[in-house]
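*Asks:* Please find one structure pasted underneath; my questions will follow.
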Amino acid sequence: MAILKTRPTVAISVTAGLALLVLLALCVWQVERLFWKENLIAEREARASLAPVEFPVDVTKTDPDLAFRAATAHGRFLHDQEMYLMARTMQGSVGYQVITPLEQADGRIILVNRGWVPDDKRDPATRAEGEVAGQVDVTGVIQIARPRHWAQPENDPLKNQWFYVDPPRMAEEAGGELASPYYLEADDTPNPGGLPKGGQARVVLPNNHLQYAITWFCLAVALVVIFIVYHRRPPAS
């Protein structure tokens with residue numbers, strides 16, 4: 001059977017060429033993101049595995065190298081000043097993460113994300129066993145509050161609905177002086193009664209960039225194959 005070879009038009013060639021460049025660029029970008037994500041996960045895991053340091057206080061600026069560093073804080077929880085990060089899920093169940101001020105010996109506070117509670121356990125009275133009294137030692141990782149993402153709603157302190165951590169505003173609502181711009185994300189050490197569930201820090205992040213890179217590369221190959229086959233098709237009968 002004869003094969004009809006046709007000369008591709010300029011418009012088709014330019015369009016196909018541009019599409020191929022875009023697909024290959026996306027493939028390269030995803031490979032770069034893959035290495036970036038792997039390095040980021042390795043850094044977080046390394047910091048979290050180090051021996052805990054004292055939670056930093058009396059600092060005015062945050063150091064990115066301290067993010068996810070294991071740390072220990074001491075003080076007394078102000079449970080009556082709990083604040084709730086909204087719409088947090090665990091294994092498909094909707095709930096909240098509980099942010100509780102930890103009062104220091106000098107009366108100032110640091111913020112501690114004690115962990116997750118289900119929607120029906122938001123009321124502290126339903127998990128009174130976990131409202132630990134007196135002086136406590138809390139271990140976890142240091143976190144740096146991120147600016148509000150454009151897609152996040154504004155915090156609503158009046159309703160005690162928080163969509164992102166805002167240490168200065170949270171300390172103001174708790175009626176205390178903030179001792180640190182960082183906050184502590186408690187580890188998975190069990191609380192009495194099982195709630196809140198600590199260990200919510202995302203040390204290991206989703207890493208699907210290799211799959212994305214392969215997808216873009218396969219689409220680029222498919223484009224080349226389609227281009228060649230189309231211009232080597234059998235003649236019409």
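*Asks:* Are there any pairs with C-beta distances below 7 angstrom linking a residue in region 51-72 that is under 19 Å from P101 (Cβ atoms) to a residue that is assigned to a loop (DSSP other than H, G, I, E, B) and at pLDDT 90 or above, with the two at least 6 apart or on different chains, and if so which?
*Replies:* A71/F55; T72/F55
*Asks:* Just checking, how many residues over region 25-54 are more than 30 Å from V221 (Cβ to Cβ) and charged (D, E, K, R)?
*Replies:* 5
*Asks:* Considering only residues of region 149-186 that are charged (D, E, K, R) and either in contact (Cβ under 8 Å) with a residue 60 or more places away in the chain or under 15 Å from L85 (Cβ atoms) (or both), which is surrounded by the most Cβ atoms within 10 Å (Cβ to Cβ)?
*Replies:* E185
*Asks:* Here's another thing I want to ask about it. For region 100-125, which positions are surrounded by fewer than 18 Cβ atoms within 10 Å (Cβ to Cβ), of a type in the set (D, E, K, R) and either touching a strand residue (DSSP E or B) at 6+ places or on another chain (Cβ under 7 Å) or within 15 Å of E82 (Cβ to Cβ) (or both)?
*Replies:* D119, R122, D123
*Asks:* Being in a loop (DSSP other than H, G, I, E, B) and under 17 Å from G193 (Cβ atoms) is the filter here, so list the residues in region 93-148 that pass it.
*Replies:* R122, D123, E131, V132, A133, G134
*Asks:* Could you check region 23-61 and list, in sequence order, the residues that are crowded, with 16+ Cβ neighbours inside 10 Å, under 29 Å from S180 (Cβ atoms), modelled with pLDDT under 90 and of a type outside the set (A, V, I, L, M)?
*Replies:* K37, R44, R47, P52
*Asks:* Then there's this: Conditions: (1) within 21 Å of P56 (Cα to Cα); (2) in contact with a strand residue (DSSP E or B) (Cβ under 9 Å, 6 or more places away or on another chain). R202 meets all but one. Number of the miss?
*Replies:* Single failed check for R202: (2).
Residue-wise test of (1) in a loop (DSSP other than H, G, I, E, B); (2) touching a Leu at 6+ places or on another chain (Cβ under 9 Å).
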{"position": "Y164", "(1), (2)": "yes, yes"}
{"position": "L184", "(1), (2)": "no, yes"}
{"position": "D188", "(1), (2)": "yes, no"}
{"position": "G199", "(1), (2)": "yes, no"}
{"position": "A213", "(1), (2)": "no, yes"}
{"position": "F217", "(1), (2)": "no, yes"}
{"position": "V224", "(1), (2)": "no, yes"}
{"position": "I228", "(1), (2)": "no, no"}
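*Asks:* So how many residues does region 126-144 have that are surrounded by 13 or more Cβ atoms within 10 Å (Cβ to Cβ) and free of Cβ contacts under 8 Å to residues at least 60 places away in the same chain?
*Replies:* The qualifying residues number 2.
*Asks:* Exactly one of (1) within 23 Å of E172 (Cβ to Cβ); (2) assigned to a loop (DSSP other than H, G, I, E, B) is unmet by F68. Its number?
*Replies:* Condition (1) is where F68 drops out.
*Asks:* Go through region 166-182 and give me each residue that's among the small types (G, A, S) and part of a helix (DSSP H, G or I).
*Replies:* A171, A174
The values are calculated or read from the model by the stated rules, or taken from the named source; none is laboratory data. Just so we're clear, the structure is a prediction, and the values are computed from it rather than from any experiment. Glycine gets a Cβ as well: all are built from the backbone with ideal geometry, and neighbour counts include every protein chain shown.
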